[in-house]
1. Does THR106 satisfy the criteria of being among the polar types (S, T, N, Q), surrounded by 14 or more Cβ atoms within 10 Å (Cβ to Cβ) and either within 30 Å of ILE198 (Cβ to Cβ) or touching a residue at least 60 places away in the same chain (Cβ under 8 Å) (or both)?
2. Tell me, please, whether a residue that is among the hydrophobic types (A, V, I, L, M, F, W, C) and more than 23 Å from TRP115 (Cα to Cα) can be found in the range 49-69.
3. Name the pairs: first residue in the range 189-216 and part of a helix (DSSP H, G or I), second residue at pLDDT 95 or above, Cβ to Cβ under 6 Å, at least 6 apart or on different chains?
4. I'd like to verify a number: residues in the range 40-63 that are among the β-branched types (Val, Ile, Thr) and within 13 Å of MET18 (Cα to Cα), how many?
5. So, in the range 160-182, how many residues would count as being surrounded by 18 or more Cβ atoms within 10 Å (Cβ to Cβ) and assigned to a helix (DSSP H, G or I)?
6. In the range 1-77, which helices (runs of 4 or more DSSP H) lie fully inside it and hold 2 or more residues that are open to solvent by less than 50 Å² (accessible area, probe 1.4 Å) and out of contact with any helix residue (DSSP H, G or I) (no Cβ under 6 Å at 6 or more places or on another chain)?
7. ARG82 fails exactly one of the following numbered conditions: (1) surrounded by 13 or more Cβ atoms within 10 Å (Cβ to Cβ); (2) on the phi > 0 side of the Ramachandran plot; (3) not aromatic (Phe, Trp, Tyr). What is the number of that condition?
Amino acid sequence: MLSHPTLDQLRALKLDGMAQAFTELEVQEEARNLAHAEWLALLLDREVAYRSTRRFQARLRAARLRHSQAAVEDVDYRTPRRLDKALFQQLATCRWIAEHRGLLVTGPCGIGKSWLACALAQKACPDGYTVHYTRVPRLFADLDLAHGDGRFPRLFRMLVKVDLLVLDDWGPDRLSASQRRDLMEIVEDRHGRGSILITSQLPVATWHEVIGEPMTS
């Protein structure tokens, strides 16, 4: 008889994880031999796990990854793309994000650069980092529209605030003056505060041509 009002109170307090655990324990014969402290510990553990999962799911939805099912555990190191297994596994620890470092993923079309980037971004979500994914052409289109309809300050704050910004498919079109200015502002404001992951099929040596700035010696 006590289960119903207890469940109502747990749900009223938005303790849904505890409510689920309470329901399960009530029907388990072996749970009746548990001490009150053990019951409470199990309920609290479930609530912590439930909230952690909800936060992860929210971060993953907000990231809007192109390959939402990509996972570092599913990387195939046997494919001929010269992926350094030890280095990639080190990147999967997300330490580079904690240190606010950048990452470039380059190579020819079709080797899975976007998928690898999404796998690393997906790993960052359960580790507590916020992520935003966008293709570079879409980013500049959104920024251009935002300048016109007044959304630019809000969009800019989001791009600067997230822990990891994934810019997929950099190049090959040369940037306009406004695109170059927006990109430089984003990079400058994120410096030392967040990480950027860029994928591109262009060699890094050609990036100055895309940016439209001469390479300095």
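1. Details: among the polar types (S, T, N, Q): yes; surrounded by 14 or more Cβ atoms within 10 Å (Cβ to Cβ): yes; either within 30 Å of ILE198 (Cβ to Cβ) or touching a residue at least 60 places away in the same chain (Cβ under 8 Å) (or both): yes.
Answer is yes for this residue.
2. If we filter the range 49-69 for residues that are among the hydrophobic types (A, V, I, L, M, F, W, C), which is where we start, we get 49, 56, 58, 60, 62-63, 65.
So of that shortlist, the ones also more than 23 Å from TRP115 (Cα to Cα) come out as 49.
So far as the range 49-69 goes, yes, one or more of its residues are among the hydrophobic types (A, V, I, L, M, F, W, C) and more than 23 Å from TRP115 (Cα to Cα).
3. Short answer, once both residue conditions are applied: ASP189/VAL160; ARG190/VAL160.
4. 1
5. Adding up the residues that qualify gives 2.
6. Values: elements: 3-12, 16-26, 36-63.
So the answer is 36-63.
7. Condition not satisfied by ARG82: (1).
To keep it simple, each residue is scored yes or no on (1) more than 21 Å from ARG66 (Cα to Cα); (2) at pLDDT 95 or above.
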position	(1), (2)
LYS123	no, yes
ASP127	no, no
LEU164	no, yes
GLY192	yes, no
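The values are calculated or read from the model by the stated rules, or taken from the named source; none is laboratory data. The model shown is predicted, which means the values in this text are computed figures rather than measured ones. Counting neighbours? That spans all protein chains shown, and the Cβs are built from the backbone with ideal geometry, glycine included. Areas reflect the complete protein model, heavy atoms only, side chains present, ligands, DNA and RNA absent. Shrake-Rupley method; radii C 1.70, N 1.55, O 1.52, S 1.80 Å.
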